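Novice: Sharing a structure, written as structure tokens. Questions coming.
The values are calculated or read from the model by the stated rules, or taken from the named source; none is laboratory data. Because the structure is a prediction, the values reported are computed rather than measured. We place every Cβ from the backbone using ideal geometry, glycine too, and count neighbours over all the protein chains shown.
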Amino acid sequence: MNENSVGSTNIVWHQSQVSREMREQMNEHRASVLWFTGLSGAGKSTLAHAVEAQLHQMGVRTYVLDGDNVRHGLCGDLNFSDVARRENIRRIGEASKLFVDAGVMVLTAFISPFRSDRSRVRELLGDDFIEIYCDSSIEVCESRDVKGLYARARKGEIKDFTGISSPYEAPESAELVVKTGLLSLEASVKQVIDYLASRDSALQSKV
Ligand SMILES: Nc1ncnc2c1ncn2[C@@H]1O[C@H](COP(=O)(O)OP(=O)(O)OP(=O)(O)O)[C@@H](O)[C@H]1O
Ligand SMILES: [Mg+2]
């Protein structure tokens with residue numbers, strides 16, 4: 001089965017009486033997806049959760065989809081092979097789309113190392129997709145080694161580890177590049193919030 005095809009027959013889309021626009025009007029902000037990408041340890045989860053905390057305080061409806069958490073459930077059947085990573089990102093893209101339709105600001109924190117996978121999600125979400133590159137050198141990420149995974153990967157204990165034995169393809173035209181290897185967390189959060197406020201005038205009054 002092609003990944004874009006519908007696997008079942010006799011299914012008909014049922015149109016909701018409550019539209020996304022009606023939900024956004026009620027929430028008083030746009031829905032979109034902040035797609036954080038970068039090496040392990042670059043700061044995707046830390047930044048996504050800190051941005052979420054600030055947005056929540058501003059009255060924005062938010063939800064974080066985080067790599068390890070999603071792999072416990074929705075993607076619990078997938079490993080880290082290229083094919084499984086692709087399917088992982090496809091499912092996250094589709095789940096994000098549902099959240100956006102529900103009027104929610106989604107923040108995703110996945111390494112999402114392959115440009116083609118991120119492009120596919122961009123195609124799926126159109127203008128709602130905001131790619132945020134957490135730009136940190138492998139040296140900084142490895143020195144942080146938050147989960148002890150770099151040490152294990154260097155010993156050859158982890159196969160297909162991004163940045164060591166599997167490639168990371170940096171974004172070429174991300175909406176936002178945050179130097180998470182150099183900046184403080186506070187400065188990184190401010191950069192993201194300022195960008196969002198410049199994009200959605202409804203948010204400016206909430207900052
Ligand atoms: N500007 C910054 N933004 C985010 N994190 C930062 C920043 N500066 C330092 N850090 C630190 O870097 C580490 C990043 O770890 P984090 O778990 O967020 O990475 P990750 O990108 O989610 O990795 P993984 O892909 O393995 O889940 C944390 O210890 C965090 O405190
Ligand atoms: Mg993380």
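Novice: Test residue 191 against the stated conditions and say whether it is touching a strand residue (DSSP E or B) at 6+ places or on another chain (Cβ under 8 Å), free of Cβ contacts under 8 Å to residues at least 40 places away in the same chain and either within 30 Å of residue 24 (Cα to Cα) or surrounded by 14 or more Cβ atoms within 10 Å (Cβ to Cβ) (or both).
Specialist: Judged against the criteria, residue 191 is a match.
Novice: Can you tell me which of (1) touching a residue at least 12 places away in the same chain (Cβ under 8 Å); (2) more than 22 Å from residue 135 (Cα to Cα) is the one residue 47 doesn't meet?
Specialist: So residue 47 meets the others, but not (2).
Novice: So is residue 90 surrounded by fewer than 20 Cβ atoms within 10 Å (Cβ to Cβ), within 12 Å of the chain's Cα centre (by Cα) and more than 30 Å from residue 206 (Cβ to Cβ) or not?
Specialist: yes
Novice: Restricting to segment 125-141, name every residue that is away from ligand 2 (no atom under 14 Å from the Cβ) and either surrounded by fewer than 19 Cβ atoms within 10 Å (Cβ to Cβ) or under 30 Å from residue 20 (Cβ atoms) (or both).
Specialist: 125, 126, 127, 128, 129, 130, 131, 133, 137, 138, 139, 140
Novice: Hey, another quick one. Checking residue 19 against (1) buried (at least 21 other Cβ atoms within 10 Å of the Cβ); (2) hydroxyl-bearing (Ser, Thr, Tyr); (3) away from ligand 2 (no atom under 16 Å from the Cβ), which single condition isn't satisfied?
Specialist: (1)
Novice: Under 10 Å from the mean Cα position of the chain (by Cα), at negative phi and at pLDDT below 95, is that true of residue 67?
Specialist: Against the criterion (under 10 Å from the mean Cα position of the chain (by Cα), at negative phi and at pLDDT below 95), residue 67 qualifies.
Novice: To continue, here is another question. Could you tell me whether residue 145 is of a type in the set (D, E, K, R), at positive phi and at pLDDT below 95?
Specialist: no
Novice: Within segment 137-150, can you find the residues that are in a helix (DSSP H, G or I) and without any contact (Cβ under 8 Å) to a residue 24 or more places away in the chain?
Specialist: 139, 143 - these are the residues of segment 137-150 that are in a helix (DSSP H, G or I) and without any contact (Cβ under 8 Å) to a residue 24 or more places away in the chain.
Novice: Go over the candidates 153, 197 one by one and state the one that is assigned to a helix (DSSP H, G or I), free of Cβ contacts under 8 Å to residues at least 60 places away in the same chain and surrounded by 18 or more Cβ atoms within 10 Å (Cβ to Cβ).
Specialist: 153
Novice: Related question: Which pairs have Cβ atoms under 6 Å, sit 6 or more apart or on different chains, and link a residue in segment 163-182 that is at negative phi to one that is away from ligand 1 (no atom under 12 Å from the Cβ) and in a loop (DSSP other than H, G, I, E, B)?
Specialist: Listed pairs, sorted by first residue: 166/160; 169/114; 181/137.
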